[in-house]
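Trainee: Quick one: structure below, then a few questions.
Quick note: the coordinates plus some simple rules give every number you see, no bench work behind them. Because the structure is predicted, anything quoted here is derived from the model rather than measured. All Cβ positions, glycine included, derive from the backbone under ideal geometry; neighbour counts span all protein chains shown.
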Ligand SMILES: Nc1ncnc2c1ncn2[C@@H]1O[C@H](COP(=O)(O)OP(=O)(O)O)[C@@H](O)[C@H]1O
Ligand SMILES: [Mg+2]
């Protein structure tokens, strides 16, 4: 078997004195879409942040394409080809859509990321809005821009935190098509989601996070048999 794109072993993390991850274990193969499900406060965002070294402190093992990253600073981890789209998106409101796109450095190990032309082909609405300031973009446009900006860097492992949150169904459908397109282009994707219905048709595998640990895992073809357990775990 080839080396996983991401392998997380016994990942523990703290914010100051507060111990939030208690030994998270999961792995993601190259080209896979994996979803981390869980209730609010279960530790999904902290898991993504800990992978990148953005929590207070952390221990355990985080391997990116086989390279141990647990002792690396965040910028070095990004240079292993990791792109992070945080919940708050981080769009610069005073910059135009295109200026936001041109901001990030190239970090990919496989050469540059997508060109502006490729980005605009994939996100035609961003082309239309390229001169609009960040503040004028709709929530959906901001979310697309936040993902597009990562693609510019050349990252091939994408960590996406609740990208569907708070968006209208038609936008959520567009995001689903985007995930499908990215998967077909070979990207490896870890999605944190509360919106199970969004994640269900997209992900190859699912992990459920509770109290800072993985408590359940299953494949897309087990969705039906796991439905009841999931409803209990997610409280839906
Ligand atoms: N910056 C922070 N400082 C202290 N505690 C935090 C911080 N961020 C999150 N936590 C705590 O860590 C736990 C996990 O939160 P989080 O990873 O944000 O969960 P989720 O993304 O699944 O909703 C929660 O108990 C939360 O209160
Ligand atoms: Mg979160």
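Trainee: Neighbouring Cβ atoms within 10 Å as the yardstick, rank 196, 92 fewest first.
Mentor: 92, 196
Trainee: Further, regarding this structure: Please pull out the direction-averaged projected area of segment 188-236, using the convex hull of its alpha-carbon atoms, in nm² to one decimal place.
Mentor: Over every viewing direction, the Cα hull of segment 188-236 projects on average to 3.5 nm².
Trainee: Do you know the relative contact order of segment 19-166, to the nearest whole percent, from alpha carbon pairs under 8 angstrom that are 6+ apart?
Mentor: Relative contact order of segment 19-166: 27 percent.
Trainee: What is the ratio of the Cα radius of gyration of segment 1-138 to 2.2 N^0.38 Å, where N is its residue count, to two decimals?
Mentor: 1.20
Trainee: Using only Cα atoms, locate the centre of segment 157-196 and the centre of segment 43-102, then give the distance between them in Å, rounded to an integer.
Mentor: Here the two parts' Cα centres lie 17 Å apart.
Trainee: Taking segment 137-236 as the region of interest, what is the percent of Cα-Cα pairs per 10 angstrom bin, listed from the shortest bin to the one with the maximum distance?
Mentor: Cα pair-distance distribution for segment 137-236, in percent: 13, 46, 32, 9, 0.
Trainee: With a 10 Å cut-off between alpha carbons and a GNM built on the chain, which of 101, 137, 157 moves the most?
Mentor: Result for the chain, Cα springs under 10 Å: 137 fluctuates most.
Trainee: Rank 172, 33, 209 by mean-square fluctuation in a GNM of the chain with C-alpha springs under 10 angstrom and give only the top-ranked residue.
Mentor: 172
Trainee: Counting only Cα atoms, I'd like the Rg/Rh figure for the chain, Kirkwood definition for Rh.
Mentor: 0.95
Trainee: At 10 °C and a viscosity of 1.306 mPa s, what translational diffusion coefficient does Stokes-Einstein give for segment 96-188, taking Rh as the Kirkwood radius over Cα pairs? Give it in µm²/s as a whole number.
Mentor: Result for D is 118 µm²/s.
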